[in-house]
Amino acid sequence: MRASRFLIHTLRDTPADAVIASHRWMLRAGLIGKLGSGLYHLLPMGLRAFRKVENIIRDEMNKAGAVEFILPVLIPGELWEKSGRWKTMGKEMFRLQDRHETWNVLGPTHEESFTELMKGILKSYRDLPVNVYQIHTKFRDEIRPRFGVMRSREFVMKDAYSFHKDQASLEETYQKMRTAYRNIFSRLGLETIPVQADTGTMGGSASEEFMVPSEVGEETLLISEGGKYQSNQEKTPFVPGEAGDPPAVVLEKKKLHTPGASSIEDVAKLLGVDAVHLAKAMLFQTENGPALVFIRGDRQINEVKLKNALDGAEFRPASEAEAAALGFVPGFMGPSRLPADLRIIRDASLRPGRAYIAGAGERDYHEGGVVFDDSYVEKDVALAVAGDLSPMGDGKLRAVKGIEVGHIFQLGNKYSKAFNVSVLDETGRPLIPTMGCYGIGVQRTLAAVIEQNHDEKGIKWPVSASPFEVVLVSITRSEEEETKVETLHQLLENAGFEVLWDDRDLRPGVKFADAEVIGYPVRVTAGKNFFESGKLELQVRATGQMLEATPEDLVSTVGRLLGRPSPTPGLTEEKRSGAAGASKSAGRAPKKSSTAGKKASSKK
Ligand code: ATP
Ligand code: MG
């Protein structure tokens, strides 16, 4: 491919909103362009890298026995009513009315559609297990689209759904998908950590996320010292350690004057006690009315756990006015003087039978000796943090930031039941299949590859995801020199390499800088040295290693640098370049010899 006929759209400056490396380099290298908030074009260079990732995913899915489909992105709202998610998906789901005023959804995920589709296809237990997938566009009205294609509003996902006659079969496919995911990410050179995850609005039981450890990751993973436990912070149970013996002021059943001390810090300071001995009351407004949560003074709420405890209801902190309307004195709320019929949750961090200091329900007063009895509903809604105990008992937890690139779920029969999917079992009786689902974000994975492979000059592609494998930079002064480079270009293409020949009429410095920003794994330079003494200069982008080659050993040297199996033994470079149509290299189909030499001379 000639750069003069391809579109290279590198940028000199970084747009202001590109704060993470992958976003910056994807824009600077001209892989993507911004259309609007969370909306990105894939430019030709970006599309090539995108296809590499897509094809690796497809290849591993097919090898794992999954079958590919394409379903409409626009989905009748009715399907979402059926699953109950019309309500639970909230504002993240794009909804639109058509000309008949019927509601539709721009699919954020496709459980509903695939289940409805498979209902008409699956007849008997013999049709199971089956794993169906697509690699297709998704829409999500993200509250904060950011980091370029990492969190956008329109993106491509590989989403797969499996159907089974029993749990054992589901587990088998779940394991297969785990292996397929490991293969996909390792082929892309991505280090990933699988962690236990929350199942959220998807329903179901087991769920794992594949996380790429990265400082810019939006997820926090908690990993135990002993290595037995690794999970998303969203999901990690909080294991209350020993809080130590409380001081007398905590144990005594007594009203305490705490003028103006309405925050945990102020109360703890004023009374000279540690926050672990305080009970914090937090009032939330949910779509089903108010809910009060009591939690240990030193802990924060885990919003994902709280949402689950509230049966998936949307919630927000209540305003002072809302608290006052219920008779509360904000900052001094406690278990005394609670309104009747209020939904109350006691977080598991507050142990029943132990004494705490809590708000007295009256301005400027707290009280000691507050004991929570079993009448409160206990839920684990506290955020576990680094330094907490591992739920597996193997030491403490440490925190690692991660990017979620993939997610696998055991869904159970939530969707098959809602859509009345039924097949006949061995005895002719109806059987409701159990399901799994498995997602990978294509652009996000691509961005994660860049996040793990870049330096201050640009991207350092792993060969498997690079838009081109080799860039041939020519610095020519005559048509004769141009023709010589054309021969090299042909030689590399015939050997089966994906080559971009930077034949643009630009200063060498500009071409080198572009090569570095775009980050092709191998750069071959044909300049003065080549025309005078036949020496080509090679540079490996990942390591900076420089070496020389002649046209005779160019193919084998490039093959070695790209980590390819050596070209067909017994065939010399000369023969290979001489007989372009017959050349076989690196196990690839030979490319057809072209008339590119003629094209080169007619170019100017
Ligand atoms: P997140 O917690 O980051 O919002 P999610 O849990 O909502 O992700 P899933 O519903 O499990 O994501 O979707 C499967 C995959 O799709 C994710 O692992 C991720 O790779 C990708 N993905 C999800 N949301 C986005 C987005 N807004 N932009 C790009 N990729 C996304
Ligand atoms: Mg999300």
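The values are calculated or read from the model by the stated rules, or taken from the named source; none is laboratory data. Not measured: the values here are computed from a predicted model. Neighbour counts run over all protein chains shown; Cβ positions are idealised from the backbone, glycine included.
For region 117-149, filtered to residues that are within 16 Å of ligand 1 (Cβ to nearest atom) and assigned to a loop (DSSP other than H, G, I, E, B), the residue that is nearest to residue 424 (Cα to Cα) is 140.
Of all the criteria given as (1) within 17 Å of residue 61 (Cα to Cα); (2) over 14 Å from the mean Cα position of the chain (by Cα); (3) surrounded by 23 or more Cβ atoms within 10 Å (Cβ to Cβ), the one not satisfied by residue 185 is (2).
The rows are residues; the columns are (1) within 19 Å of residue 149 (Cβ to Cβ); (2) more than 22 Å from the chain's Cα centre (by Cα); (3) modelled with pLDDT of 95 or more; (4) more than 16 Å from ligand 1 (Cβ to nearest atom).
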residue: 398; (1), (2), (3), (4): no, no, yes, yes
residue: 416; (1), (2), (3), (4): no, yes, yes, yes
residue: 424; (1), (2), (3), (4): no, yes, yes, yes
residue: 427; (1), (2), (3), (4): no, yes, yes, yes
residue: 436; (1), (2), (3), (4): no, no, yes, no
residue: 440; (1), (2), (3), (4): yes, no, yes, no
residue: 449; (1), (2), (3), (4): yes, no, yes, no
residue: 460; (1), (2), (3), (4): yes, no, yes, yes
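Candidates in region 236-264 are the residues that are hydroxyl-bearing (Ser, Thr, Tyr) and at pLDDT 90 or above; of these, the one that is surrounded by the most Cβ atoms within 10 Å (Cβ to Cβ) is 236. Being within 16 Å of ligand 2 (Cβ to nearest atom), in contact with a Pro (Cβ under 7 Å, 6 or more places away or on another chain) and among the hydrophobic types (A, V, I, L, M, F, W, C) is a property that residue 210 has.
What's the number of the only condition in (1) surrounded by fewer than 20 Cβ atoms within 10 Å (Cβ to Cβ); (2) under 17 Å from residue 312 (Cβ atoms); (3) modelled with pLDDT of 95 or more that residue 104 fails to meet? Of the numbered conditions (1) surrounded by fewer than 20 Cβ atoms within 10 Å (Cβ to Cβ); (2) under 17 Å from residue 312 (Cβ atoms); (3) modelled with pLDDT of 95 or more, the odd one out for residue 104 is (2). Of note, residue 177 does not satisfy the criterion of being under 18 Å from residue 441 (Cα atoms) and either within 16 Å of ligand 2 (Cβ to nearest atom) or surrounded by fewer than 20 Cβ atoms within 10 Å (Cβ to Cβ) (or both).
Does residue 114 meet the test of being within 12 Å of ligand 1 (Cβ to nearest atom) and part of a helix (DSSP H, G or I)? So residue 114 does not fit the description; no.
Those strands (runs of 3 or more DSSP E) of region 179-277 in which at least 3 residues are in the same structural domain as residue 61 (by TED's automatic domain parsing), touching a helix residue (DSSP H, G or I) at 6+ places or on another chain (Cβ under 8 Å) and over 30 Å from residue 359 (Cα atoms), considering only elements entirely within it, cover 207-213.
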